[in-house]
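Reading through the C-alpha cells given below for one structure.
Nothing in this text is a laboratory measurement; each read-out follows from the coordinates by a stated rule. Remember, predicted model here, so these are calculated numbers, not experimental data. Positions of Cβ are generated from backbone atoms using ideal geometry, with glycine treated the same way; all protein chains shown enter the neighbour counts.
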Amino acid sequence: MALPLIPFNIPLTPEALNSFHAVKASQRRLGDLIHYYSDSIAAKESLKADNPLVYEVWEMENEAPGRCLSFGMTRVSPGKVGREYFFTRGHFHAGEDGDELYVILKGRGVLLLFSKDGHCETIDMLPDQICYVPGHMAHRVVNTDSKELVFFTVWPPRIVHDYATITKMGFPKLVLAGQNGPEAVDNPAFSIVPD
Ligand SMILES: [Fe+2]
C-alpha cells in the first residue's frame, strides 16, 4: 500500500490512525497468545473466564518504490497471566537491517530485546520518551502498568517480520509482578535455536 504523495497531519491517537488512509488494524486476544505465556496452567484458567483483548496494532505499510517510512500505533491492555504481564508477541526483522523507533504516548512498560546470540536487554518505556530498536534485535513490549500502554512506531517499509523464531525460542527474560514491582527474570524455557 502507498500513501498519496501529499503532506498531511492527523492527531496522534489510535482513533485517528484507525480511520486514516489504508491503515490496517489487527487484534490479538489471550486465546491467540496462550502458548507464549510461561505459566500454561494460569493461561488456561484465565481463558476459561474470558478471552480479553491483549493488544491492538494499526499499521500503515508504505510500500511504494522510493518511500522509506512506514508507521503505526500499538495499544497494549493492562493485565497478567499468573504473574506475567500482558505483552506483544514480539518478532525479529528477518533482514536485520531495518531499525524501528517507538514514541511512548501513554502508560508504562518494559521493552525486551535480544539478539540471536542470546544477548538480552530490558529498557523502560515511559510517557514522552522514545525507544530505539536496532534491526538485529527481537523486540517485545510488556505492559507493566494498571492502565493501557500506547506507543507510536516508525519503521522502514518492506521489513519481513519473523514471528516463527520467537515461537521456537521464546524470550530470554520474563517480566513478572514481584513484591516490589515488575521484575525481569531468566526464562527457564528459553533456548537458542540455530537458523
Ligand atoms: Fe518490529
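Residues in region 171-195 that are touching a Gly at 6+ places or on another chain (Cβ under 9 Å) and not in a strand (DSSP E or B): Phe171, Pro172, Asn187, Ala189, Phe190, Ser191, Ile192. Only one of the listed residues (Phe92, Phe114) is closer than 20 Å to Tyr37 by Cα, within 15 Å of the ligand (Cβ to nearest atom), in contact with a Pro (Cβ under 6 Å, 6 or more places away or on another chain) and of a type outside the set (Ser, Thr, Tyr). That residue is Phe114.
The set of residues in region 1-42 that are more than 18 Å from Gly82 (Cβ to Cβ) and part of a helix (DSSP H, G or I) comprises Pro14, Glu15, Ala16, Leu17, Asn18.
Please list, ordered by first then second residue, the pairs with beta carbon atoms under 9 Å, 6 or more apart or interchain, first in region 28-40 and more than 15 Å from Val141 (Cα to Cα) and touching a residue at least 12 places away in the same chain (Cβ under 8 Å), second exposed (fewer than 15 other Cβ atoms within 10 Å of the Cβ) and among the hydroxyl-bearing types (Ser, Thr, Tyr). Correct list of pairs: Ile34/Ser40; His35/Thr167. If the condition is being free of Cβ contacts under 8 Å to residues at least 24 places away in the same chain and in a loop (DSSP other than H, G, I, E, B), then region 116-130 contributes His119, Leu126, Pro127. Scanning region 142-155 for residues that are more than 10 Å from the ligand (Cβ to nearest atom) and either part of a loop (DSSP other than H, G, I, E, B) or of a type in the set (A, V, I, L, M, F, W, C) (or both) gives Val142, Thr144, Asp145, Ser146, Lys147, Glu148, Leu149, Val150, Phe151, Phe152, Val154.
Restricting region 156-170 to residues that are outside any loop (DSSP other than H, G, I, E, B) and touching a residue at least 60 places away in the same chain (Cβ under 8 Å), the residue that is surrounded by the most Cβ atoms within 10 Å (Cβ to Cβ) is Ile166. List, please: which pairs have Cβ atoms under 9 Å, are six or more places apart or on different chains, and start with a residue in region 86-97 that is in contact (Cβ under 8 Å) with a residue 40 or more places away in the chain and more than 7 Å from Asp162 (Cα to Cα) and end with one that is within 11 Å of the ligand (Cβ to nearest atom) and charged (D, E, K, R)? The qualifying pairs are Phe87/Arg140; Thr88/Arg140; Arg89/Arg140; Gly90/Arg140. On inspection, Glu100 passes the criterion of being among the acidic types (Asp, Glu), surrounded by 14 or more Cβ atoms within 10 Å (Cβ to Cβ), under 13 Å from the mean Cα position of the chain (by Cα) and within 16 Å of the ligand (Cβ to nearest atom).
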